[in-house]
Every structure is written in structure tokens, then in C-alpha cells.
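Enquirer: Can you read through this structure? Questions will come right after.
Here, each number is a calculation from the coordinates, and none is a lab measurement. Predicted model only: the values in this text are computed from it and were never measured. Here the Cβ positions follow ideal geometry from the backbone for every residue, glycine too, while neighbour counts run over all protein chains shown.
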Amino acid sequence: MNEMQMSEIVEQFSRKVEPVVGQIKVTRLPDFKTVYVENIDEIGRSIILQEFKANGKTYWAGYSPRSETVFVSQASRD
């Protein structure tokens with residue numbers, strides 16, 4: 001997943017656009033998270049989130065290739 005794809009996904013998330021069936025899953029995390037530990041089969045992996053800006057707000061987002069999921073956390077209340 002490259003940065004342009006991540007930006008597009010975060011932009012859609014900020015507009016509350018549901019992802020198309022068959023696309024990457026998007027999971028909302030609690031606000032202000034910058035790291036998420038994904039547990040699959042009792043094995044945990046840290047997903048480090050990067051900062052993205054969309055619709056005047058700041059988000060943190062990261063991609064897990066194991067679960068093909070983008071994790072998004074809102075980082076601003078504006």
C-alpha cells in the first residue's frame with residue numbers, strides 16, 4: 001500500500017464514504033492513537049500510524065498486510 005492509496009482511503013474515511021465491497025477494510029480506532037497492536041492467532045504486531053490531512057482534519061492511519069486493513073484514528077477535533 002503506497003502513500004497515495006492511503007491518502008485516498010483517509011480522504012474517503014473523512015467524508016464518511018463506505019468502502020466498496022472487496023476493497024481494503026477500514027477500521028476506526030480511538031482518537032489520538034499513533035500505534036495499534038493487531039492480534040491474529042495470538043500473535044501481536046504493531047501497526048505504526050502515519051499522519052494524514054483530509055478535509056481540514058488530521059488523521060493517523062496505518063496499513064496491515066496481514067489482515068488487509070487500514071486502521072484510522074482522528075488526531076484533531078477541528
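Enquirer: Can you name every residue in the stretch 1-52 that is within 13 Å of Val72 (Cβ to Cβ), among the acidic types (Asp, Glu) and surrounded by 15 or more Cβ atoms within 10 Å (Cβ to Cβ)?
Expert: Of everything in the stretch 1-52, just one residue is within 13 Å of Val72 (Cβ to Cβ), among the acidic types (Asp, Glu) and surrounded by 15 or more Cβ atoms within 10 Å (Cβ to Cβ), namely Glu11.
Enquirer: Looking at (1) on the phi < 0 side of the Ramachandran plot; (2) free of Cβ contacts under 8 Å to residues at least 12 places away in the same chain, which is the one condition that is false for Leu29?
Expert: So Leu29 meets the others, but not (2).
Enquirer: While we're on this one: Quick check, is Gly44 more than 9 Å from the chain's Cα centre (by Cα) and small (Gly, Ala, Ser)?
Expert: On the way: more than 9 Å from the chain's Cα centre (by Cα): yes; small (Gly, Ala, Ser): yes.
Yes, satisfied.
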